[in-house]
Structures are given as structure tokens and as C-alpha cells.
């Protein structure tokens, strides 16, 4: 009997065999990588990523997305970008177990413009993209030492997701599940003068169609509406891998939305944010997450 003919059998296999094996493998890998010095872990997994990544189905999607977004580049340039991208994503895996050390090191994670957020007596919203190692973005929250919240997308494997959440408890921040439920958590945190951090460059099922690299993409807008309602600032954060396991985050000039912003003005703000991200990605395309479905199923 095949999985195709028996969905229940397939579900049983995934839930009770596949997911536990994946979780065990992840736990063992995290422990080993935690023991290995961060520079070695980053370099080794970066190399592995560069070898394994191009062999996966995600590589085809990454090629399709890159061609859609930047068709003006040559085939050779596309190859170079994707090769370097897999290095970057591989490094992220090696650095994952060392996130706490990264956050506590001002030498490894430099933040430019933090004083802008410090000056805000009211709450604020940090918005970023999947650049370099986006796991270092919460460093901003940690250094501000204020009530904070993080909007996240859970892993498909609940056991693996549990391990990730356990690792993130040291951030002393509330975690809000991405989607409509996150809006309530974001609103309450900001109302209490807290700081929210979220990545807004992924496809959101409930999002609004906004151009990204000239192609309509479902884009989150809840953070824009909250910024308008509570009259707080949106701080775009650009994340850059400067070398190896060293990063620089640039907190750009804040975006303000008027309280009476219309739907058209909310759309315009989302479009401006997408265009800002486009500029960052064009400068360092190898540091962006090309394999995700930013424009839905186009491959």
C-alpha cells in the first residue's frame, strides 16, 4: 500500500518516524556545533552548504526567484550569487548554536543607529529581512533591555520547533506566531512601550499584494497599521555579514505613518519598505534567502 493511496499511513510515518528522527538529528547537530568554536562551525557548515545546497530542490526555486527578480544579470552572475548564498546559509546553521555568544559580543555584532531606538519613549517596531544571519536581529532587543516581542514562523516539525523555542528562551522576549494571531501580541507589547521585531520579506497568506522587484507578492501590513494606530515608529534594520561570523546591523531612519492613513497610504508605505529591501538585496544578493517562496509557487 503506497502513501499516495493511504494518507493516514503517510501522516503516521511523518509524525511518529520522520519528525522524531529529524528532531534527534537536529539535537545532536546542535550539541556538536555548540562544542566546536564558532569560527570553525561557521566555516565547516558553510562549506557543506555550498556542496549540498545546489543538489536540493530548493536550488531550482532559488534560481527561478533570482531570475524573476534580477533578470538583467548574466547566467554567470546568477551562478556566483547562488553559490555564495549557499555558503551564507550553511554558515547560519553552524552559528545557530552560538547565537547567545554572538548577541553578547559587540565585536561580532556591531549595531549602528541603536541610539535612535533608545531615544523613543514610546514603543517601536523593528522590521528586517532574511539577510546574512537574521538570527542576530534580536540582539537589538537584548541590548535595549526593554519589554520585547518577536514574531516568528514555526518549523513544520513541532519537535524541532520545540528545540528552537527552548534555545530562544534566554532572549527574555515573548514569541508571537506569525499571522493574524501575532497582531494582538504586537499591539499589546507596543502599547506597553515595548519593542517588537519581525521579518517582513516573506510571503504572508493574509498579506496584501504589493510589488517586490516589480512582481506582486503577498506582503505583511499589520505592523504598518499598528504603527499608524499607536503612532509609533518603524525602524528598518539592514543585516550584513562583514566577514566569517561577524556582522553589522544598520538601523535606518525611522518610518512614521500618520494616524489617519488610508488603505492607499498603507499600501504606499508597504511598497516603500519593499523597495528599501530591494536596494539592500541588490547590494548583497548572495546574503538574501532566495529559496523561500516570496512570490508563491512559480517554479
Query raised in the report: Do any strands (runs of 3 or more DSSP E) lying entirely in segment 190-283 carry at least 1 residues that are farther than 23 Å from residue 147 by Cβ, and which ones are they?
Result: 208-212, 215-219, 233-243, 246-251
Query raised in the report: When you go through 80, 135 one by one, which is the residue that is within 21 Å of residue 284 (Cβ to Cβ), assigned to a helix (DSSP H, G or I), modelled with pLDDT under 95 and out of contact with any strand residue (DSSP E or B) (no Cβ under 9 Å at 6 or more places or on another chain)?
Result: 135
Query raised in the report: Could you count how many residues in segment 105-122 are farther than 14 Å from residue 133 by Cα, out of contact with any helix residue (DSSP H, G or I) (no Cβ under 8 Å at 6 or more places or on another chain) and not in a helix (DSSP H, G or I)?
Result: 8
Query raised in the report: In segment 254-262, is there at least one residue being over 25 Å from residue 215 (Cα atoms) and within 20 Å of the chain's Cα centre (by Cα)?
Result: yes
**Report entry** Selection within segment 93-104 - assigned to a helix (DSSP H, G or I) and surrounded by fewer than 22 Cβ atoms within 10 Å (Cβ to Cβ)
**Finding:** 93, 96, 99, 100, 101, 102, 103
Requested in this report: Kindly list the number of the only condition in (1) out of contact with any strand residue (DSSP E or B) (no Cβ under 6 Å at 6 or more places or on another chain); (2) crowded, with 18+ Cβ neighbours inside 10 Å that fails for residue 236.
Outcome: (1)
Query raised in the report: Of the numbered conditions (1) assigned to a helix (DSSP H, G or I); (2) without any contact (Cβ under 8 Å) to a residue 12 or more places away in the chain, residue 297 satisfies every one except a single condition; which is it?
Result: (1)
Requested in this report: With respect to residue 123, determine if the residue is in contact (Cβ under 8 Å) with a residue 60 or more places away in the chain and assigned by TED's automatic domain parsing to the domain that holds residue 190.
Outcome: yes
Report task. Count, please, the residues in segment 181-207 that happen to be crowded, with 17+ Cβ neighbours inside 10 Å and touching a residue at least 60 places away in the same chain (Cβ under 8 Å). Result -> 12
Query - Matching option when the condition is in contact with a helix residue (DSSP H, G or I) (Cβ under 7 Å, 6 or more places away or on another chain) and farther than 19 Å from residue 89 by Cα, among 291, 254 - result: 254
Requested in this report: Return yes when residue 89 is in the same structural domain as residue 51 (by TED's automatic domain parsing), surrounded by fewer than 20 Cβ atoms within 10 Å (Cβ to Cβ) and part of a helix (DSSP H, G or I) and no when it is not.
Outcome: no
Query raised in the report: residue 250 versus (1) surrounded by 17 or more Cβ atoms within 10 Å (Cβ to Cβ); (2) touching a strand residue (DSSP E or B) at 6+ places or on another chain (Cβ under 7 Å): which is the lone unmet condition?
Result: (1)
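The values are calculated or read from the model by the stated rules, or taken from the named source; none is laboratory data. All values reported here derive from a predicted model rather than from experimental measurement. Every residue, glycine as well, gets a Cβ built from its backbone with ideal geometry; the counts of neighbours run over all protein chains shown.
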